[in-house]
Amino acid sequence: MAPSGDRILPYTHVLLRLPSGVLKIIRILPDTSVYLGKFGTFPSNALLHRPYNLTFDILDNNEGLRVVPAEELTRDILGGGFGEAEQGNADETHYDLSYNTTEGEAPKEGVMRTNRNTVDNAASQTLTWEQIEELKKTAGNSGKDIIQKLLSSHVAIDQKTAFSLQKYTLRKASKFMKRFSVHRLSVSALTDYLHDSKEPFKFLEIRNHHLGLMMSLGNIVHGGRYLVVDETGGLLVAALAERLGVLNSTTPGPATAPVEDDETTEGPDSKKRKLDPAPATRNTITLIHANEQPNLSLLTHFNYDANTPPVTHPLYTHLKTLTWLQLLAPDEDTTMLPPDPHTPEELAALKPGKRSAYYRKLRRWQKVSATVADARNGGYDAVLVAAHMSVPGILKAVVPLVKGSGQIVVYSPSLEQATELADLYSSARRTAWIQRKEAAKNEEKAEEQAPVERDWDDETPDPTLMLAPTVHRETVRAYQVLPGRTHPVMTSKGGAEGYVFHGTRVLPVAGKVDAKGAFASQKKKRRTEVSVDAMVPESEAATPVESS
Amino acid sequence: MATPAVSPFLAIPSELSSEAKPAIIHLKRDQHQALVLKPESTLQTRFGNFPHSSILGLHPGSQVRASAAVPSLKEQRKRKRASNSNTTTETEGIQTAAGFLHVLNPTAELWTASLPHRTQVVYTPDSSYILHRLGAGPGTQIIEAGAGSGSFTHASVRAVYNGYEDGRELGEGEVKVEDNKKGKVWSFEFHEERAGKLREEISEHGLETLVQITHKDVCAEGFMVPSEEGATTSPRANAIFLDLPAPWLALPHLTRQEPSPLDQEKEIRLCTFSPCIEQVTRTCNKMRELGWVDIQMVEVQHQNMEVRRQLQRGYDEGAGPRSIAEALTRLKGVNDLRDQRKDAQIAQAHGEQASFAGLGFKKSNGRRKQETGEEGRIVSRMEPELKTHTSFLTFATLPRVWTEEQEKEAAEFVKEHVSKGVEPRVVGEKEKRWKGDEQESKRQRKKRERAEQKAAEGGEQAEGEVKEEAENMEIDG
């Protein structure tokens, strides 16, 4: 009987955290050895069907793993497993430096030693590096022996303060302990990993708090239809899919392509062929991409390979992709042309290979044209954007596809990009837009309309379609929490700060909105403040101010 | 009986109705009002009067013009007074036809902005980060202790929702998936009145089956939910959010020992929300004592940026110089003026008229005309009032209980059912990332099958045929 509950199944990707803090993603296949560099090697079978979030010691000689109990783990974090007595009262005595002790008198119990008399000396460690290298090879016990040896052969160890001893032990532990913890590869874990080890510009340096904020501001809820422009390699799609519950396959395993039995001699109506599951109509993600094929390389971590999508994966039916050309000018895209029609007789006369090619083409065309029709129909609950390309043009194209009261959320690596967007939806621009439209209507009725919407060199979006455009800046500061030593972490990754732009799609009333009084003179404004406020019901932040 | 509609918090309805409660009235930036639409009522704002009947039936997100037809009683009185006394020509700023508003579908964010504050509210920047880090997704059972004003309740129900038990969200012809567990928020509040208020709100918002509100002091009594006849139900939660003054008192109740409120077969993610550092250290000590691992503490800071067009005003508009050049021109002008004054005094002394040439700048009336909204440069600054500190967020994980017997059992299982007993190959640096499984293409498969078939039949001739067919296939493709 299989062990019950939630556990690491074969062929899933897991995140390993090594003692040095390095993160590693491994796909756990049965019957393999996982090589972790200096931390050792372990058989993957020792991890399969075990629960997540456990910490393991790597046994020597590839013999397997030992589960480290939580108490041992905590002890090692707090005191490195040594000098527990001192650690116990460290909280109280760390800052109680007593200046009343006379010269030569032994420091009182409970009073913290300082590093006043500590002299840095490379000779303190009596082991030579050759000996240490030798120890690395021979010392066993998952690295605990070597740490013990290092400590015992350090001559100045008793001069160290309790804290510096702990720090020393921890430092050695992070270097020599053969230990790792295993974590579920969620989107938040993946984002941490990417920031740690990959070129961050590839995914626009998007961080966990940005993803979280985007999911909330985008009002992402199971059952909705969402439009995505994602040039981060699939990170945004993954975050969205996680929120919609379609990211993780319940049956990970060697991928299976949809089985197509092309030997059918009957027409397309016959159900002999194993049918592709019908695309979902709710709880879907529609991705618009700029190249022929979408770049969703990060989704391979969730066992979804966009080139040969496994039919068992929920994304197979819930993720739809189309190109900008298919969205904006479907007539000009050759993949949108239906395959040459054949009569059943003609089909029957074809060679099996040609016939199967015809059906393949027909199915692909049906799928693509359904996706395109669905996308052009709009009515999306939200649109999420994280793109390298110019965002104003993207918004011009996608905002009209969002339904009223739907959300528009854009991630911008830099403030400049975010403010540019906010400015495009300023109330001054909105007023100008309405006036221009009115003027155009009065002059030549229909002529103005078409060219503006067709011209993609002009990226100015319609500012009347968005309410309350807001630029959010969010930072997360991590802290070290240890008894008596709680403080913000000393270093962290820099780079793009990241901003989230958010607005709500609205449906403006047809015709002119009477907003007279909005540009009344200062004097008048002061006098009738209430009334002026009433005239400018929104986005006062985007109102031009005059600096004095 | 018709099933009630899906909460507007969970799906945008096609039109505004009195069923979907509440509608959020967007008056201006950061000024929202939650409203239950009733056909006979009228919404009176300083932007004008809006009969609900003019809003009902619209698509959410619609802009609504104030109704000129229905002046409010107050306004009628005012008008009457104005016409009687005939003193003031300035109306009270409420010009009925001029105003408009937007009517929006509610979201957790809009509700947070418009909800009646009963306690300190967990705002979106914090709640979004917490939910993301807790891994809350459809089907999650989340405990929320210290429900307070219900802000986090709405945010979390949105995250864990994956359908109602009665399947009311399903469209025509859709079949309810039976085996997936419906996500639920298990909310605890020890203040009776607040719990009652929240229960009313949740029920009004159509979320009552998705949020279980229990009036209980979790620090003293734990997280088991009382059901009928003195029995208790376990939330079987796998995500926990504690917004309590003393989370360390509640932690011992989050135990793996039955009766346990936790999902015994999953790891538990926990977040505590405490404003003071002392609370954090105490909570962390308790967590470590109780076997929680991966303890991380962070602080989320958030600002809204105000984006404006900065139009620089010069001397001609009654302000300072725009540039050094302007300053120089003016300074020179002042010098000239002084000289002129001297001249003028001399001239006056001689009984002549003097003329004052300008400073090079004309003063205008200070009004600037807006043309396209593209004048000036874009500048941004932080909003004037900042929340510099909300709370510290402490995250921790409680792994599953994993005994030696279970370990043995798992090892046994893997050996028998998963492992094929082959020599393990090393997965190292190169194979770190999976790039998709290699698949046998259709052509390869057919080729192989035919080859196998022919091989079984035997004969050199067959081999030749296979080759020929393979070539044919290639031409077909």
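The values are calculated or read from the model by the stated rules, or taken from the named source; none is laboratory data. In this text, all values refer to a predicted model and were calculated from it rather than measured experimentally. Please note: Cβ atoms are built from the backbone with ideal geometry, for glycine as well, and neighbour counts cover all protein chains shown.
Per-structure values
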{"quantity": "Complete set of residues in segment A:492-507 that are within 12 Å of chain B (Cβ to nearest Cβ) and among the hydrophobic types (A, V, I, L, M, F, W, C)", "calculated": "A:Val500, A:Phe501, A:Val506, A:Leu507"}
{"quantity": "Residue in segment A:438-457 that is modelled with pLDDT under 95, within 9 Å of another protein chain (Cβ to nearest Cβ) and either surrounded by fewer than 21 Cβ atoms within 10 Å (Cβ to Cβ) or within 30 Å of A:Gly224 (Cα to Cα) (or both) present", "calculated": "no"}
{"quantity": "Candidates B:Gln301, B:Gln279, B:Gln348, filtered to the one that is more than 10 Å from chain A (Cβ to nearest Cβ) and either closer than 30 Å to A:Gly484 by Cα or in a strand (DSSP E or B) (or both)", "calculated": "B:Gln279"}
{"quantity": "Filter result for the condition that a residue is within 30 Å of A:Glu416 (Cβ to Cβ), buried (at least 20 other Cβ atoms within 10 Å of the Cβ) and of a type outside the set (Ser, Thr, Tyr), over B:Arg309, B:Arg269, B:Arg313", "calculated": "B:Arg309"}
{"quantity": "Selected residue (criterion: modelled with the lowest pLDDT) from residues of segment A:496-524 that are under 30 Å from A:Val398 (Cα atoms) and surrounded by fewer than 12 Cβ atoms within 10 Å (Cβ to Cβ)", "calculated": "A:Lys512"}
{"quantity": "Condition met for A:Leu325 (surrounded by 15 or more Cβ atoms within 10 Å (Cβ to Cβ) and either part of a loop (DSSP other than H, G, I, E, B) or touching a Gly at 6+ places or on another chain (Cβ under 9 Å) (or both))", "calculated": "no"}
{"quantity": "Extreme residue, modelled with the lowest pLDDT, among residues of segment A:459-490 that are basic (Lys, Arg) and either surrounded by 15 or more Cβ atoms within 10 Å (Cβ to Cβ) or part of a loop (DSSP other than H, G, I, E, B) (or both)", "calculated": "A:Arg485"}
{"quantity": "Any pair with Cβ under 7 angstrom, 6 or more apart, that starts in segment A:317-329 at a residue that is assigned by TED's automatic domain parsing to the domain that holds A:Pro294 and within 17 Å of A:Asn377 (Cβ to Cβ) and ends at one that is of a type outside the set (A, V, I, L, M) and in a helix (DSSP H, G or I)", "calculated": "A:Lys320/A:Thr371; A:Leu322/A:Thr371; A:Leu327/A:Arg376"}
{"quantity": "All strands (runs of 3 or more DSSP E) inside segment A:4-61 with 3 or more residues being facing chain B (nearest Cβ under 8 Å)", "calculated": "A:23-27, A:32-35"}
{"quantity": "Filtered residues of segment A:368-401 (kept if without any contact (Cβ under 8 Å) to a residue 60 or more places away in the chain and not hydrophobic (A, V, I, L, M, F, W, C))", "calculated": "A:Ser369, A:Arg376, A:Asn377, A:Gly378"}
{"quantity": "Residues that are out of contact with any Lys or Arg (no Cβ under 8 Å at 6 or more places or on another chain) and not aromatic (Phe, Trp, Tyr), drawn from segment B:259-276", "calculated": "B:Pro259, B:Ser260, B:Ile268, B:Leu270, B:Thr272, B:Ser274, B:Pro275, B:Cys276"}
{"quantity": "Members of segment A:171-190 found to be part of a helix (DSSP H, G or I) and in contact with an Asp or Glu (Cβ under 8 Å, 6 or more places away or on another chain), listed by number", "calculated": "A:Ala173, A:Val187"}
{"quantity": "Conditions (1) more than 7 Å from chain A (Cβ to nearest Cβ); (2) modelled with pLDDT of 90 or more; number of the one not met by B:Gly360", "calculated": "(2)"}
{"quantity": "Residue under evaluation A:Gly224, criteria (1) closer than 24 Å to B:His302 by Cβ; (2) within 12 Å of chain B (Cβ to nearest Cβ); (3) not charged (D, E, K, R), criterion not met", "calculated": "(1)"}
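For (1) part of a loop (DSSP other than H, G, I, E, B); (2) at the interface with chain A (Cβ under 8 Å from one of its Cβ atoms); (3) among the aromatic types (Phe, Trp, Tyr), each residue gets a yes or a no:
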{"residue": "B:Pro8", "(1), (2), (3)": "yes, no, no"}
{"residue": "B:Glu15", "(1), (2), (3)": "yes, no, no"}
{"residue": "B:Glu19", "(1), (2), (3)": "yes, no, no"}
{"residue": "B:Pro39", "(1), (2), (3)": "yes, no, no"}
{"residue": "B:Gln44", "(1), (2), (3)": "no, no, no"}
{"residue": "B:Phe50", "(1), (2), (3)": "no, no, yes"}
